[in-house]
Amino acid sequence: MSAVLRLTRSKRLSQLEANVGIERFRRVPMRLLPASDYAADAYAIAQRHGGSVYDACYIALARSLDAPLVTDDEAMAKTAETVGVAVHRASQGFAALLD
């Protein structure tokens, strides 16, 4: 949701588009997974490629699930792509991911 807020504030996403995205996001079935399951991989990614372990946790999780990483953080996107994770830029919209 941080990406949606950032895109709305920068006028790259209208409030209507943000509301639609938030509503679709609410309908996505979610499960919580402990970060400790990905800590070693995240640390290795951050150590090798830079960036924070926090960001690398998302990359490690996406890689373990064979799922795309959704971000508008270009450095994070490049790291993800480098380690073989598909990336979807949030600024390109969410409809393709949520439909």
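The values are calculated or read from the model by the stated rules, or taken from the named source; none is laboratory data. Values in this document were obtained by computation on a predicted structure and should not be read as measured data. As a convention, Cβ positions derive from the backbone with ideal geometry for all residues, glycine included, and neighbour counts pool all protein chains shown.
Here are a few things to note about the model shown:
- Positions within region 55-99 being among the basic types (Lys, Arg), at pLDDT 95 or above and closer than 23 Å to Arg12 by Cβ, in sequence order: Lys78
- Residue ID - modelled with the lowest pLDDT, chosen from residues in region 45-54 that are of a type outside the set (A, V, I, L, M) and farther than 21 Å from Met1 by Cβ: Gly50
- Criterion (in contact with a strand residue (DSSP E or B) (Cβ under 7 Å, 6 or more places away or on another chain) and β-branched (Val, Ile, Thr)) met by exactly one of Val87, Val4: Val87
- Residue that is surrounded by the most Cβ atoms within 10 Å (Cβ to Cβ) [pool: residues in region 26-47 that are of a type in the set (A, V, I, L, M), without any contact (Cβ under 8 Å) to a residue 60 or more places away in the chain and part of a loop (DSSP other than H, G, I, E, B)]: Leu33
- Among the residues listed as Thr71, Thr8, Thr82, the single one being in contact (Cβ under 8 Å) with a residue 60 or more places away in the chain and either over 11 Å from the mean Cα position of the chain (by Cα) or surrounded by 19 or more Cβ atoms within 10 Å (Cβ to Cβ) (or both): Thr71
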